[in-house]
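Let me begin by presenting the structure, written as structure tokens, before commenting on it.
The values are calculated or read from the model by the stated rules, or taken from the named source; none is laboratory data. On a predicted model such as this, the values are computed, not experimentally measured, just so you know. Neighbour counts run over all protein chains shown; Cβ positions are idealised from the backbone, glycine included. These accessible areas exclude ligands, DNA and RNA; they are computed on the full protein's heavy atoms, side chains included. Shrake-Rupley method; radii C 1.70, N 1.55, O 1.52, S 1.80 Å.
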Amino acid sequence: MTDPKSRAAPALLDGQVVAAFGRSYRIELADGTQVDCATRGKRSDIACGDRVAFRRSGDNSGIIESVLPRTTLLYRSDAHRQKLIAANITQAVVVVAAEPSFYDDLINRCLVACEHGGITPLIVLNKDDLPQSAAAWEALAIYRTLGYRVLRLCARQDVAPLVPLLADHTSVLVGQSGMGKSTLINHLIPGTALRVAETSAALDSGRHTTTGARLLHINARSHLIDSPGLQVFGLHHISLDDTAQAFVEFRPWLGQCRFRDCTHRVEPDCAIERASHEGGISAPRLAAYRALAEESVRARTTRY
Ligand SMILES: Nc1nc2c(ncn2[C@@H]2O[C@H](COP(=O)(O)OP(=O)(O)O)[C@@H](O)[C@H]2O)c(=O)[nH]1
Ligand SMILES: [Mg+2]
Ligand SMILES: [Zn+2]
């Protein structure tokens with residue numbers, strides 16, 4: 001007699017995605033065992049950091065059956081698709097450097113994504129050994145004024161200033177390629193040996209590096225996710241209202257415009273516009289909001 005149970009599907013197991021490369025995922029179980037998993041069909045809405053239920057299909061392989069509810073999700077989207085960056089993170093470390101030069105646009109987008117997603121942002125100016133760093137630090141004053149934490153350090157020499165800020169967090173490192181994210185991780189978690197300095201040829205041609213995201217353990221309670229370099233950060237999934245809310249210095253004035261559905265771009269008697277004239281909102285931040293608002297309005301009037 002065959003035991004009916006021997007033909008039953010393998011047990012459902014819980015694990016966390018610790019590496020996401022295309023549609024391949026490495027899942028870690030609570031005991032530290034790792035299993036390489038695929039998804040059913042063309043499902044690709046799984047991010048590094050996700051907790052999943054999976055079944056083994058072989059010694060070291062498995063199939064993901066479902067994604068467990070997330071506490072947070074950091075993702076970007078353009079008109080056509082969304083790209084998950086990391087899940088279940090509590091903090092996003094936005095890494096910038098004086099060389100190659102960084103874009104305020106990307107910082108603002110990261111801040112909006114964090115505010116919207118309930119993720120604590122932290123800005124790190126890396127490569128503080130470079131002479132151009134002093135000017136870069138000044139350029140970041142605007143974010144310090146808003147109350148964001150901004151740290152300066154030299155990943156190659158000393159990552160100690162960052163260590164206490166990572167305690168008890170699952171942090172994702174985000175930023176343009178070449179800012180030193182992999183260098184930071186290699187120094188924070190010795191033995192990691194992430195590839196440093198992806199070839200600039202790949203960057204120049206505008207292609208994304210194919211490297212996926214990886215989750216690494218600093219200790220039992222603190223974890224880091226290295227994400228591939230971000231050159232673009234579309235926020236099509238965030239509504240106009242939510243975008244305005246995500247600009248923290250707008251909050252005291254929201255709801256005081258003449259029109260209830262004011263988009264703070266062109267409308268008369270706009271409280272945000274007034275606040276910018278009176279100095280409560282800086283010109284670059286208002287411009288950053290308006291650029292995002294234009295994109296949002298365009299995305300909603302173009303249907304596909
Ligand atoms: N001068 C200087 N260069 C650094 C520092 N940290 C990283 N780099 C260099 O910046 C380049 C990009 O580093 P990488 O870690 O690959 O950046 P990622 O693309 O953000 O992961 C490499 O050539 C690193 O050696 C630093 O603190 N000072
Ligand atoms: Mg890297
Ligand atoms: Zn307004």
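Details
- Rough spin-label spacing in nm, given labels placed 7 Å along Cα→Cβ, for Arg23 and Gln245: 3.5 nm
- Dipole of region 206-295, positive direction: furthest Cα of Phe250, Val232, Gly279, with charges on the beta-carbon: Val232
- Using only alpha-carbon positions in the chain, the gyration tensor eigenvalues give semi-axes of 37, 25, 17 Å once each is multiplied by 5 and square-rooted (largest first).
- Solvent-accessible surface (1.4 angstrom probe) belonging to Asp105, in square angstrom, nearest 10: 80 Å²
- Shape call, region 205-293: gyration tensor on alpha carbons, a/c limit 1.5: prolate
- Length-normalised contact order for the chain - Cα pairs under 8 Å, 6+ apart - percent: 15 percent
- Sites Ala167 and Glu278 - FRET efficiency at Förster radius 25 Å, r taken between beta-carbons, to 0.05: 0.05
- Length gained when the stretch Ala291-Gln231 is fully extended (0.36 nm per residue, less Cα-Cα span): 19.9 nm
- Three-way shape call for region 109-199 based on the alpha-carbon gyration tensor, with the a/c threshold at 1.5: oblate
- Label-to-label distance, nm, for residues given as Leu151 and Arg298 (7 Å Cα→Cβ offset): 3.6 nm
- When +1 charges are put on Lys and Arg Cβ atoms and -1 charges on Asp and Glu Cβ atoms, the dipole computed for the chain relative to its Cα centre reaches about 820 debye.
- Here the spin labels are modelled as points 7 Å beyond Cα on the Cα-Cβ line, and at Asn60 and Ala135 they lie 5.0 nm apart.
- Shown is the FRET efficiency for His80 and Ala8, computed with R0 = 41 Å from the Cβ-Cβ distance and rounded to the nearest 0.05: 0.50.
- Unit charges on C-beta of K, R, D, E only; dipole of region 240-301, Debye: 40 debye
- Rounded to the nearest 500, the 222 nm mean residue ellipticity of the chain from helices alone is -7000 deg cm²/dmol, with -39,500 (n - 2.57) taken per DSSP H run of at least 4 residues.
- Remark: the Cα gyration tensor places region 73-226 in the rounded category, a/c being less than 1.5.
- Computed E for Ala53/Asp31 - FRET, C-beta separation, R0 25 angstrom, nearest 0.05: 0.95
- Apolar share of the accessible surface for region 73-226: 52 percent from carbon plus sulfur atoms, 1.4 Å probe.
- Within the full protein context, the accessible area of His277 is estimated at about 140 Å² for a probe radius of 1.4 Å.
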